[in-house]
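Structure, as structure tokens:
The values are calculated or read from the model by the stated rules, or taken from the named source; none is laboratory data. As the structure is a prediction and not an experimental result, all values here were calculated from the model. Cβ sites come from the backbone with ideal geometry, for glycine too, and all protein chains shown count toward neighbours. The area values use the complete protein model at the heavy-atom level, side chains included, leaving out ligands, DNA and RNA. Shrake-Rupley method; radii C 1.70, N 1.55, O 1.52, S 1.80 Å.
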Amino acid sequence: MTLVLGIETSCDETAAAVVEDGRYVRSSVVSSQVDLHARFGGVVPEVASRAHVELIGTVIADALVEAGTELADLDAVAACHGPGLAGALLVGVSAAKALALVGGLPYVGVNHLEAHLYAAWLAEPGLEPPLAVLIVSGGHTMVVVMEGHGRYRVVGQTVDDAAGEAFDKVARHLGLGYPGGPAIDRLAREGDRAAIRFPRAMAGEPDLSFAGLKTAVVNHVRGHPGGSVADVAASFQEAVVDQLVTKLVAAADEARAPVLALGGGVAANSRLRARVAEAAAASGRRAFLPSRELCTDNGAMIAATAWWRLRADGPTSLGEGADPNLRLPEIT
Ligand code: KG4
Ligand code: ZN
């Protein structure tokens with residue numbers, strides 16, 4: 001049995017988890033800073049870094065206690081080393097390296113995007129590639145074909161805003177507060193998703209775009225003062241989800257992938273989950289919709305990825321820092 005401690009501090013969640021053999025979550029502690037940033041209407045990097053420094057010690061200690069383990073029982077310590085906010089990433093990376101040094105353990109730096117892919121394995125330990133995965137968060141929107149462990153192809157990605165960013169911007173415009181995704185998801189249930197036909201960008205292409213949709217919503221609201229906000233929310237959400245599901249299914253068709261999976265904060269969206277499940281059923285595929293806890297940023301996905309990476313590549317040098325612009329390692 002192998003135990004890995006995974007630390008995640010790339011954005012506004014301070015998280016740590018202990019995972020057994022890359023698949024079984026022994027503990028997962030997530031301290032969200034969402035309330036801290038809400039009054040600014042978005043994540044303030046400097047505020048995030050300071051909060052990580054304050055929280056990281058307790059979060060790691062809680063993760064070890066909840067797993068019923070201690071530093072001496074671990075086999076490796078991992079941290080997300082990018083992409084993300086530079087100052088925020090450094091907090092987790094420094095903590096992981098310090099623990100690795102003290103415990104005489106290997107350190108593993110983990111790519112945040114790769115970690116979102118591995119969350120599917122925590123939900124379904126028996127999963128076999130190839131998978132078509134949609135990673136949708138506040139910072140990223142990409143369709144990835146995972147052909148094997150460590151073997152990825154980015155089939156499409158957003159050319160402008162991330163899907164979560166579109167939810168947040170539209171929610172702000174509608175006066176629904178931050179974070180916008182959950183607010184729109186809730187309000188959309190009371191609205192008519194066919195009320196307004198918003199544009200679906202880049203039809204027939206693998207890439208995605210949400211900037212035009214956001215502008216269309218702003219223009220519609222301006223032109224229809226007093227209209228139903230719930231209808232706007234539901235119709236906007238349907239346009240986003242339509243685009244996401246279409247591109248995911250096209251990637252799965254092209255790669256002949258029998259499995260559709262989701263990762264990232266927007267994967268918590270109830271309409272997206274329903275539509276991916278429907279699309280899978282309609283095409284004889286299986287859908288993996290990890291729980292909200294596994295979709296949003298967490299330490300368990302970092303620990304799981306580290307376990308696979310450690311076996312494939314060995315430990316990361318302690319001389320390696322964080323890279324805010326790290327990309328998903330692709331096969332060529
Ligand atoms: O992955 P995440 O927790 O953080 C990063 O951006 O890395 O994703 C946060 C994003 C936010 O934009 C938030 O509005 C969106 O996920 N989100 C949702 C829902 N829950 C969170 N978007 C749509 N529907 C939701 N239920
Ligand atoms: Zn994320």
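When 141, 158, 215 are checked against the criterion of being under 30 Å from residue 310 (Cβ atoms) and of a type in the set (Ser, Thr, Tyr), a single residue qualifies: 141. Residues of the stretch 308-326 that are at positive phi and either without any contact (Cβ under 8 Å) to a residue 60 or more places away in the chain or surrounded by 12 or more Cβ atoms within 10 Å (Cβ to Cβ) (or both): none at all.
Residue pairs whose Cβ atoms lie under 7 Å apart, separated by 6 or more positions or on different chains, with the first residue in the stretch 174-187 and farther than 13 Å from residue 230 by Cβ and the second open to solvent by 50 Å² or more (accessible area, probe 1.4 Å) and among the hydrophobic types (A, V, I, L, M, F, W, C), do not occur. Scanning the stretch 268-307 for residues that are within 16 Å of ligand 1 (Cβ to nearest atom), without any contact (Cβ under 8 Å) to a residue 40 or more places away in the chain, open to solvent by less than 70 Å² (accessible area, probe 1.4 Å) and not aliphatic (A, V, I, L, M) turns up 273, 275.
Given the options 155, 143, name the one that is touching a helix residue (DSSP H, G or I) at 6+ places or on another chain (Cβ under 6 Å), surrounded by fewer than 24 Cβ atoms within 10 Å (Cβ to Cβ), modelled with pLDDT of 95 or more and of a type outside the set (Lys, Arg). From the options 155, 143, the qualifying one is 155. Of the listed requirements (1) in contact (Cβ under 8 Å) with a residue 24 or more places away in the chain; (2) assigned to a helix (DSSP H, G or I); (3) among the polar types (S, T, N, Q), residue 14 misses just one: (2).
Being closer than 14 Å to residue 22 by Cα, within 14 Å of ligand 1 (Cβ to nearest atom) and either of a type in the set (S, T, N, Q) or buried (at least 19 other Cβ atoms within 10 Å of the Cβ) (or both) is a description that applies to residue 115. When residue 190 is tested against the conditions (1) in a loop (DSSP other than H, G, I, E, B); (2) modelled with pLDDT of 95 or more; (3) open to solvent by less than 50 Å² (accessible area, probe 1.4 Å), the lone failure is (3).
Close contacts from the stretch 53-64, counting a first residue that is open to solvent by 30 Å² or more (accessible area, probe 1.4 Å) and a second that is part of a helix (DSSP H, G or I), with Cβ to Cβ under 6 Å and a gap of 6+ residues or different chains, come to 53/91. (1) within 16 Å of ligand 1 (Cβ to nearest atom); (2) closer than 24 Å to residue 151 by Cβ: which one isn't true of residue 317, the others all being true? Condition (1) is where residue 317 drops out.
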